[in-house]
1. Could you sort out which of B:Lys42/B:Lys65; A:Lys23/B:Lys37; A:Lys165/A:Lys229; A:Lys23/B:Lys77 sit more than 20 Å apart by Cα distance in this structure?
2. Using only protein heavy atoms and a 1.4 Å probe, report how much of B:Val97 is accessible, in Å² to the nearest 10.
3. In whole Hz, with x marking every Gly and Pro, tabulate ³J(HN,Hα) for segment A:156-170 from phi via Karplus 6.51 cos²θ - 1.76 cosθ + 1.60, θ = phi - 60°.
4. Let me make sure I get this right: for segment B:5-230, a, b and c are the square roots of the gyration tensor eigenvalues over alpha carbons, sorted descending. Under 1.5 in a/c it's rounded, otherwise prolate if a/b > b/c, else oblate. Which is it?
5. Can you give me the three principal axis dimensions of segment B:1-92 from its C-alpha atoms, in Å, biggest first?
6. Given charges of +1 on the Cβ of Lys and Arg and -1 on the Cβ of Asp and Glu, with all other atoms neutral, how large is the dipole of the protein assembly as shown about its Cα centre, in debye to the nearest 20?
7. Under 5 Å between amide H atoms, partner at least 5 residues away or on a different chain: which partners does A:Ala179 have, H built in plane at 1.01 Å?
8. Solvent-accessible area per residue for the protein assembly as shown at a 1.4 Å probe radius, Å²?
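The values are calculated or read from the model by the stated rules, or taken from the named source; none is laboratory data. Treat the numbers as computed from the prediction; the structure is a model and nothing was measured. Cβ placement follows ideal geometry from the backbone for every residue including glycine, while neighbour counts extend to all protein chains displayed. Surface areas here come from the heavy atoms of the whole protein model, side chains and all, with no ligands, DNA or RNA. Shrake-Rupley method; radii C 1.70, N 1.55, O 1.52, S 1.80 Å.
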Amino acid sequence: MLIDWFTVGAQALNFLILVWLMKRFLYKPIQLAIDTREKRIAGQIADAETKRTEAQKEREEFQRKNEDFSQQRAALLITATREVQTERERLLAEARQAADAVSASRQQFLTNEALNLNQSISRRTQQEVFAISRKTLKDLASTSLEACVIEVFVQRLRGMEAAGKESLSQALKTATETAVVRSALELSDEQRAAIQNAINEIFRVEIRLRFETAPNLISGIELSANGQKVVWSIADYLASLEKGVAEMLNIQTKPAAVPVGESESFPTATHS
Amino acid sequence: MRLSPDELIFWRGGFFKLNGTIVFTWGIMVLLAIGAKLISRKLSTGPKRSRWQNLLEIVVLGIEKQIEEVGLSRPRKYIGFLGTLFLFVGTASLLTVIPGYEPPTGSLSTTAALALCVFVAVPYFGIEDQGIRGYLKSYIEPTVIMLPFNIISEVSRTLALAIRLFGNMMSGAMIIAILLTITPFVFPVLMTALGLLTGMVQAYIFSILTAVYIAAAIGARKSSPEKASKS
């Protein structure tokens, strides 16, 4: 007999046990592992998709920001360029003003220099002229310059026009204060007496005189009474000399006045 | 010469006996259970996994796919039964390379037991799926006249399952045994290799046919089972 029924039953039981064993140890764990893995992969794919979407969003955001930034940068650049241009113009204007100021101050300096020079020349000239005159007169006539000046003054008084003389006489007579004789140098008593005598003689009246020294008269003499004045001095001659010297100086300084910035040299005006 | 490992008796006690069929079956059971346990002990759920786990996953997924192709839409419900049928018959054939081993499927008792299991499982799954009335109704379709033919078909196909597997496995073992006596070199090796192929084909046929029967019982409609049943 090929079929043994005990074996059939035993094998059927064995097979059922094997089915249980396989389910327990093979199918379920494997299926669980596969399911878990599939879930995990699906999760990862979903996660990747989410991340991709987020990345896309962030990329768009970044691009937008980048464009905004470029625009802002361009706008800032334009503003900055404008500001720089304005600042440049302002600085140039300031520099120009400063240059003008320097130029003006230099001009002023030159003018002052010229003026000082004129004055010093004028002073020196006076001194020299008087010294020369004094010396010459002394050598030639053994007379002092002051004596000559007094003599010339008295001559002038004598040679005055009648109207002028009358007017002065009137002034002298009606003066409430004493008439004043001003001279550059201190007059000696003799010279004072000479003047007193001459005036008394010319105006035929006793006039009291007061003598003062006035250095600015420049070797001259002046009689003033009640607002009227008779003067003789070399100031007029000096004025004309001064004018001549000034013209000469102008001619000299003009070529020397070079524009500021090109040269730092100043005219070498020597003080004598 | 033994026709069946049933004749190899290790122990006998009245009705009970321990023959080669039962012992070799236990051996296969232990091998499969321990192998599965060892491999599934540390299964990886990540993308990286061991080669053995890969092998088992391929086997399990392959069986599931085959079951699904037959027309059973929920393969996980049937994989316990159908997969174990395939693995048991397949392993029993593959182990023939071991000298001294005799496949338990070469015993008509084993194949009859498997066929009986199928004979019980088919109505079990059918009733579970469409109720006892719906299942029994399938026997009188299209007409009541078909009832005896359906019953005959049910019995004969179970018988055919048992005989087919037994015949193939037994004949393979017999041919090798005969060849060993005639030409002890080379040819038995070739026939053993051929036997491995035959065994795997038989394991496939057995489980696929069972799947087809279950599919028919639960009323699944698919054209492929006809093709599969012809093989």
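1. Distance filter (> 20 Å) returns B:Lys42/B:Lys65.
2. Only protein atoms counted, so the area is about 90 Å².
3. Each residue's phi maps through the Karplus curve to give 4, 4, 5, x, 5, 5, 4, 5, x, 4, 4, 4, 5, 4, 4 Hz.
4. oblate
5. Result, largest extent first: 53, 33, 25 Å.
6. The calculation lands at about 3480 debye.
7. HN-HN under 5 Å from A:Ala179: A:Arg208, A:Arg210.
8. 61
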